[in-house]
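Undergrad: Please see the structure below; I have some questions.
The values are calculated or read from the model by the stated rules, or taken from the named source; none is laboratory data. Keep in mind it's a predicted model, so treat the numbers as computed, not measured. Here the Cβ is made from the backbone with ideal geometry for all residues, glycine too, and neighbour counts use every protein chain on show. When the accessible area is computed, the model is the full protein with side chains, heavy atoms only, and any ligands, DNA or RNA have been set aside. Shrake-Rupley method; radii C 1.70, N 1.55, O 1.52, S 1.80 Å.
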Amino acid sequence: MIELNYENCLSSKIGSQGISREKLGSLEETARKHLEKIKEKKPGFMQLPLRFKEAEKIKKEAEDYKKFKNFVVIGIGGSALGNITLQSALNDYFYNYKKNNPYPRFFVLDNVDPHWTKSLSDLIDPSDTLFNVITKSGSTAETLANFFYFLKQLKDSTENWRDNLVITTGKKGFLKRFSSENGIKTYPVPENVGGRYSVLSEVGLFPAACCGIDTVKLLEGAVDAMENEHVPVLYAALQYYFYKNKGKNINVFMPYSKRLESAADWFRQLWAESLGKNQNTGPTPVKAVGTTDQHSQIQLYMEGPNDKTVSFLEVFERNPEMKIDYPDHFLGGKSLRELFNAECKGTREALTRAKRPNMTFEIPKIDAYNIGELLYQLQASCVISGRMMGIDPFNQPGVELGKRLAYEIMGKEE
Ligand code: PA5
C-alpha cells in the first residue's frame, strides 16, 4: 500500500509552521465526514475502479489494434494528461524507439501548435496509425481541429479509413454524431465522470491496453485505495490545514522519479481546475521533479517565502540499481539508485530544518497496481479538500469565457 509520511509537517519537527497531532486528528475526522457525504452522492469517478467487466472487454478488444504501427491520442486536458501519465509511468522511457516493440508507438496530440501537428504528420503514415479521438463534450475545438486535419490525411491514404479511428466521447456533441453516421468504433465517457477524473474510464484504459499496460491491475490498485481511505483523508486534512491556517498557498508536487514526471502534470490539472474557484479559493499546484529541480527550484523552496507545502513522491523499489564503477571517487562502488535516494532524503531533511512543511507519498514500486492506487488516492484527496474548502471540485466555469471568446474570433455563431 502507498502510505503518506507526514512527520515533517508536525510542530514537533518544524515548530510554529507545523501542525499538532491533536489538530491533525480532529481535521482528519472532519475530512472523513466530508468523504462519507461525498460517497452518498456516488460521484462517477468513485464507481470507475469497480468496472472490471468493462476493463476486461477493453483489454480483449485492444488486441485488434496492436497491429498498428502508431497509436495517436487526439485530446486535451483530462482527455490527454491521464494517458500521458500512464504511458510514461508504466512503459519504458524510450518506448517509442524500442526495436521489435510488439505494441504501437504512442503519441498524444494535446495542442494545436501547427509545428507539432505537422511534425507528427511528417513522422507517421496515417494508414498505419490508429487515431483515438478523445473528448467528453465531443466538441472541443483543439481536438476537432487536429482530428479534421488527420481525417483528411487518413481519407487520402486509405479507403478503409474508418478502421483507423476509435472515438471516445460522451452522449452528445459533434463527434458522437460523426461516429454514429460513419459507423466508427466508439467508447463512451461515463456521463457523470469529468475529464480530470476520467483516467480509469475508457479514456485511459483503451490506450493503455493497446500499449501493453495491465489495465485490470490499475483498477485493482484503485479498488484498494477506495477500501483504505486513510491516505486521501490524511492528505486532504494536511493540505486544508496548511492552506487555511499557515498561508501555504502553493502545493509543490515533487516526484523523485522521472517516470512520475507526467503524473505531476496530471496532478497540476486536477488540483488547479478542481480547487481554483469562486474568485478566492485554491492553492496553486506547482510541478517539480527530483533530482532535476533541486538545481532549479530548491533554492526558492528553502529560502524564499514560506508559503508552500512540498509533497514528495518516493519510490522504494527502484530497478535497475546501476552501479557506478569508478574507484577513486566517493561515488565509486555506489549506485545511481543510492544517489537518487540520498538526494531525496537530503532535500527532505534540508526543508525540514528550514521549517518548511513537507510530506511524502511512499510508493513501494512503480507498477500498474500502485499507479492505479496513487491516482485514485489523489483524486479522492482533491474532492475531499474541495468540500472542506466549501467549493465544487467537479466543475470548471472559469475555463468557459476564454474558450467562448476564441471561438467568436474563429467565427463561431452562438
Ligand atoms: O477536466 C476537464 O473536464 C477538462 O480539462 C476537459 O478534460 C478538457 O477541457 C477537454 O474536454 P473534452 O474532453 O470535452 O474535450
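Undergrad: In this structure, is Asp265 within 16 Å of the ligand (Cβ to nearest atom), open to solvent by 30 Å² or more (accessible area, probe 1.4 Å), part of a helix (DSSP H, G or I) and in contact with a helix residue (DSSP H, G or I) (Cβ under 8 Å, 6 or more places away or on another chain)?
TA: Yes, satisfied.
Undergrad: Out of the range 174-186, which residues are within 13 Å of the ligand (Cβ to nearest atom) and within 25 Å of the chain's Cα centre (by Cα)?
TA: Matches in the range 174-186: Leu175 only.
Yes/no matrix, rows are residues, columns are (1) open to solvent by 40 Å² or more (accessible area, probe 1.4 Å); (2) more than 29 Å from Lys39 (Cα to Cα); (3) within 16 Å of the ligand (Cβ to nearest atom); (4) touching a Leu at 6+ places or on another chain (Cβ under 7 Å):
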| site | (1), (2), (3), (4) |
| --- | --- |
| Lys53 | yes, no, no, no |
| Ile84 | yes, no, yes, no |
| Leu109 | no, yes, yes, yes |
| Ser137 | yes, no, yes, no |
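Undergrad: OK, next. Out of everything in the range 367-398 that is among the charged types (D, E, K, R) and part of a loop (DSSP other than H, G, I, E, B), what residue ends up being nearest to the chain's Cα centre (by Cα)?
TA: Ranking the candidates gives Asp367 first.
Undergrad: Here's another thing I want to ask about it. Taking the stated definitions as given, is Arg196 closer than 30 Å to Glu400 by Cα, out of contact with any strand residue (DSSP E or B) (no Cβ under 9 Å at 6 or more places or on another chain) and within 14 Å of the ligand (Cβ to nearest atom)?
TA: yes
Undergrad: Which residue, of Lys118, Lys99, Lys155, is of a type in the set (D, E, K, R), more than 16 Å from the ligand (Cβ to nearest atom) and not in a helix (DSSP H, G or I)?
TA: Lys99
Undergrad: Take the residues of the range 316-374 that are open to solvent by less than 20 Å² (accessible area, probe 1.4 Å) and hydroxyl-bearing (Ser, Thr, Tyr): which is nearest to Met1 (Cα to Cα)?
TA: Thr360
Undergrad: Something else: Pick out the one residue from Lys98, Lys66 that is free of Cβ contacts under 8 Å to residues at least 40 places away in the same chain, surrounded by fewer than 17 Cβ atoms within 10 Å (Cβ to Cβ) and within 25 Å of the chain's Cα centre (by Cα).
TA: When all the criteria are applied, what remains is Lys98.
Undergrad: Output the residues belonging to the range 55-82 that are farther than 19 Å from Tyr197 by Cα and within 16 Å of the ligand (Cβ to nearest atom).
TA: If the condition is that a residue be farther than 19 Å from Tyr197 by Cα and within 16 Å of the ligand (Cβ to nearest atom), then Val72 is the only one that fits.
Undergrad: Contact list please: Cβ distance under 6 Å, first residue in the range 335-352 and among the acidic types (Asp, Glu), second residue open to solvent by 10 Å² or more (accessible area, probe 1.4 Å), pairs at least six apart or on different chains.
TA: Glu343/Thr291
Undergrad: Pairs needed: first member in the range 30-50, free of Cβ contacts under 8 Å to residues at least 12 places away in the same chain; second member anywhere, part of a helix (DSSP H, G or I) and surrounded by 19 or more Cβ atoms within 10 Å (Cβ to Cβ); C-beta distance under 8 Å; at least 6 residues apart or different chains.
TA: Final answer for the pair search is Lys39/Met46.
Undergrad: One residue is enough: does the range 183-193 have a residue meeting the conditions at pLDDT 95 or above and part of a helix (DSSP H, G or I)?
TA: Checking the range 183-193: not a single residue is at pLDDT 95 or above and part of a helix (DSSP H, G or I).
Undergrad: Among the residues of the range 270-296, write down those that are over 19 Å from Val310 (Cβ atoms) and not hydroxyl-bearing (Ser, Thr, Tyr).
TA: Across the range 270-296, the qualifying residues are Glu273, Gly276, Lys277, Asn278, Gln279, Asn280.
Undergrad: Let me ask you something else. What's the number of the only condition in (1) in contact (Cβ under 8 Å) with a residue 40 or more places away in the chain; (2) touching a helix residue (DSSP H, G or I) at 6+ places or on another chain (Cβ under 7 Å); (3) crowded, with 19+ Cβ neighbours inside 10 Å that Leu175 fails to meet?
TA: Just one mismatch for Leu175, condition (2).
Undergrad: Exactly one condition in (1) open to solvent by less than 30 Å² (accessible area, probe 1.4 Å); (2) touching a residue at least 40 places away in the same chain (Cβ under 8 Å) is false for Gly398; which is it?
TA: (1)
Undergrad: Looking for something touching a helix residue (DSSP H, G or I) at 6+ places or on another chain (Cβ under 6 Å) and under 30 Å from Asn164 (Cβ atoms) - is there at least one such residue anywhere in the range 219-234?
TA: Looking through the range 219-234, at least one residue is touching a helix residue (DSSP H, G or I) at 6+ places or on another chain (Cβ under 6 Å) and under 30 Å from Asn164 (Cβ atoms).
Undergrad: Looking at the range 158-168, is at least one residue within 11 Å of the ligand (Cβ to nearest atom), surrounded by 16 or more Cβ atoms within 10 Å (Cβ to Cβ), in a helix (DSSP H, G or I) and on the phi < 0 side of the Ramachandran plot?
TA: no
Undergrad: Next question. Being out of contact with any Phe, Trp or Tyr (no Cβ under 6 Å at 6 or more places or on another chain), assigned to a loop (DSSP other than H, G, I, E, B) and among the hydrophobic types (A, V, I, L, M, F, W, C) is true for just one of Leu218, Leu234, Leu205, Leu200. Which residue is that?
TA: Leu200
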